[in-house]
Amino acid sequence: LDFEFKKIAPEGKLIIKQIREIPQQGRGEYATPFLLGEPRAYCTLQGRGSNVFTSHRLKSRWTLQPKNLWLTRDSLIECTYAEARIEYVADGQVSQITAELPSLPGAEHVYEDPQWEFDQYALIDTWRFPDQGNPRTYRLRTEPLFQSVVQDPIVISDDFQIGIEVEHATPVCIDDVKVTTVEETSLYQPWAPTDQDALEACSFDDPNTGVTVTVQYYVRWSMMGGTPTSVQLNQTRIEGLTTEPIILSGYFSQSVGGGSHLCPMNFLF
C-alpha cells in the first residue's frame, strides 16, 4: 500500500490523507511482440570455427535498420528491414551500397515457418550482386532468439540472430585443394576494446627469407569459457619483404580463421 500523509503545524501532527494500492507487475505473456526500429551496426564474425578464405571473402560491415512493426505473420511475410548499408570487398576494391533490400537486383523475401513445436520462424532476404567478376547471391537470415511467447511486449534488433550465406557463380578456393560455391558466416555487433581486453600477439619468422610477420589482436570469450565469441585484429607488421615494414591496420586488409578454440589460427593479409 502507498500512504499519503499531511503534517499539520505547529503541532507536527500527521494525518493520513489517502491510502492507495501499489500496482503489481503484470503476469501477462505476449505472443505478438512489437519490434522497435533501432539501427544496429554489424561485422562478419572472424576466427571462430571459420575458414580463413571464407572469412576474408565475406568480410563486410553492415548497418541494418528494421521497421517499427508488430511481429505478426502478416507483417513478417514482407521484408522487415527499412534500409541496409553494406560495405564489402569485390574485385579487389571496397564497395558500398545503401538501399532497401527489396530494391536490390533479384530481391526476394521468404518467411520460413518453424519446423518443430519449439522452433522459431526465420526470415530470409535474398538478392544478387550481378555486376562482379564472380557474381554473388546473398541470403540474409534473421532468426529471433526469444521464444514464441515473451514476457516483454517490446523487442529490438539485439533479440535476433543474423547470418549471411553467399553463393558464388564460379567456385572459389577454401584451401589448396577444395573449392565451393556456397559460404556462410554470422554477423555480430563490433565492440571497442577496454582495459579488460588484453592485446594478444603471435608471430611467424622464416629463417630462410628473413621475413617476419607479427599480428596483434583482441579476443572476447563466451561467459562459459572455452569458445571465443569474436576476434578483432588490431595491427599486422610484415618485415623483410620491402625496405620499410608493411603495417596493416585496415579492417579489410587482415583476416583470421581457425578452429572453434582458435587452434590453429590462420591469417590472410
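The values are calculated or read from the model by the stated rules, or taken from the named source; none is laboratory data. Small disclaimer: the values here were computed from a predicted structure and weren't measured. Note: ideal-geometry Cβ built from the backbone for every residue, glycine included; neighbour counts use all protein chains shown. Heavy atoms of the whole protein, side chains included, go into the accessibility calculation; ligands, DNA and RNA do not. Shrake-Rupley method; radii C 1.70, N 1.55, O 1.52, S 1.80 Å.
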Out of region 187-213, which residues are open to solvent by 50 Å² or more (accessible area, probe 1.4 Å) and not in a loop (DSSP other than H, G, I, E, B)? Glu200, Ala201, Ser203, Phe204, Asp205
Of (1) in a strand (DSSP E or B); (2) out of contact with any Leu (no Cβ under 8 Å at 6 or more places or on another chain), Ile19 fails just (2)
Among the residues of region 129-148, what is the count of those that are modelled with pLDDT under 95, surrounded by 11 or more Cβ atoms within 10 Å (Cβ to Cβ) and among the hydrophobic types (A, V, I, L, M, F, W, C)? 1
Working carefully through the options Leu262, Leu248, Leu233, find the one that is open to solvent by less than 60 Å² (accessible area, probe 1.4 Å), closer than 13 Å to Ser55 by Cα and either under 21 Å from the mean Cα position of the chain (by Cα) or modelled with pLDDT of 95 or more (or both). Leu233
The number of residues in region 98-129 that are over 18 Å from the mean Cα position of the chain (by Cα) and either closer than 21 Å to Glu83 by Cβ or among the hydrophobic types (A, V, I, L, M, F, W, C) (or both) is 17
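Matching residues to (1) polar (S, T, N, Q); (2) open to solvent by 20 Å² or more (accessible area, probe 1.4 Å):
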residue	(1), (2)
Tyr30	no, yes
Pro39	no, yes
Val52	no, no
Ser55	yes, no
Leu58	no, no
Can you name the number of the only condition in (1) open to solvent by 50 Å² or more (accessible area, probe 1.4 Å); (2) of a type outside the set (Phe, Trp, Tyr); (3) touching a Ser or Thr at 6+ places or on another chain (Cβ under 8 Å); (4) within 19 Å of Ile97 (Cβ to Cβ) that Cys43 fails? (1)
Of all residues making up region 214-230, the number that are in a strand (DSSP E or B) and either modelled with pLDDT of 95 or more or open to solvent by less than 60 Å² (accessible area, probe 1.4 Å) (or both): 9
Reported set for region 60-77 where residues are touching a residue at least 40 places away in the same chain (Cβ under 8 Å), under 19 Å from Pro144 (Cα atoms) and in contact with a Cys (Cβ under 9 Å, 6 or more places away or on another chain) is Trp62
Can you list residue pairs whose Cβ atoms sit under 7 Å apart, with the first residue in region 133-158 being more than 18 Å from Ala90 (Cα to Cα) and the second being assigned to a helix (DSSP H, G or I) and charged (D, E, K, R)? Count only pairs 6 or more apart in sequence or on different chains. Pro144/Asp159; Leu145/Asp159; Phe146/Asp159
Do the conditions hold for Val89, that is, is it more than 25 Å from Ser230 (Cβ to Cβ) and of a type in the set (Val, Ile, Thr)? no
The correct count of residues that are touching a residue at least 60 places away in the same chain (Cβ under 8 Å) and surrounded by fewer than 18 Cβ atoms within 10 Å (Cβ to Cβ) in region 78-128 is 2
